[in-house]
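Written below as structure tokens is the structure these notes are about.
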Amino acid sequence: MFGGLRTINQLFEIPCHEYTPELQIRLLGIELSQLQEPILNIGAGKEGKLVRFLRENGCEAYGIDKFCETDGYMHRADWLSFSFEANTWGTVISHMAFSNHFRHHHLRRDGQPRQYAEKYMEILHSIKHAGSFYYAPGLPFIEDLLPAEQFAVRRTPVIPGKDDQSSWFGYPYAAQVTVYR
Ligand SMILES: C[S@@+](CC[C@H](N)C(=O)[O-])C[C@H]1O[C@@H](n2cnc3c(N)ncnc32)[C@H](O)[C@@H]1O
């Protein structure tokens, strides 16, 4: 029986899509006029569509991705080895990328949750005062540990109205973590 299932390739492929900039912006609850610069998109996609869109709208935006070509504003890099310099970015964005992998590593038995947790904190420290990290899916297991006097967490359910706070793992949401220090 399982031999039969194995022949269905889609069951074993990891879907990896680039989404439209409009969808990413809407889902993450981003107001373009509120974005602080410079902006870094982590796991921006091979095409860097959101980075291109932001630049076309007059924003100073850059992206990193494991599989993109390096050019003027896109840089091929692995987010676990990329150095997020302290106090550098006005906004960091990561849609269906860093936090999706962090969640995965948090849940799997042989994952690297510690490495992801350390990178997550490095990313937050790379953001300037009053800047934000926008990402989806949300990371309730680490957001709940952030000191409230330094970080404000806003959660927006992906499905409007579905915000049962008793079960953050039960439904998907986008997070905005704003840094105060
Ligand atoms: C589902 S796609 C999302 C792309 C884009 N953020 C979007 O929403 O359209 C995930 C992206 O993360 C990138 N990625 C996966 N692992 C990575 C890593 N370790 N370092 C950098 N990028 C990575 C993939 O190459 C892919 O472009």
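Taken together, the values in this text are just the output of simple stated rules run on the coordinates, not laboratory data. What you are looking at is a predicted structure, and each value in this text was computed from that prediction instead of being measured.
Structure notes:
- For the stretch 52-133: rounded, prolate or oblate by the Cα gyration tensor [a/c cutoff 1.5]: prolate
- Restricting the calculation to Cα atoms, every distinct pair contributes to the Kirkwood radius of the chain, found to be 17.1 Å.
- Vicinal HN-Hα couplings computed from phi for the stretch 128-138 (Karplus, 6.51 cos²θ - 1.76 cosθ + 1.60; Hz; Gly/Pro x): 6, 3, 6, x, 10, 10, 9, 7, 8, x, x
- For residue 63, the amide hydrogen comes within under 5 Å of the amide hydrogens of 41, 74, 75, counting only partners 5 or more places away or on other chains and with H modelled in the peptide plane.
- Selected from 23, 50, 124 as most flexible by GNM, with the chain as the system and alpha-carbon contacts under 10 Å: 23
- For the chain, DSSP calls about 40 percent of its internal beta bridges antiparallel.
- Residues considered: 123, 30, 39. Largest GNM mean-square fluctuation over the chain, using C-alpha springs under 10 Å, is found at 30.
- For the chain, lysine pairs separated by 8 or more sequence positions, or belonging to different chains, with Cα-Cα distances below 17 Å total 4.
- Think of it as helices only: each DSSP H run of n ≥ 4 in the chain is worth -39500 (n - 2.57), and spread over all residues that comes to -7000 deg cm²/dmol at 222 nm.
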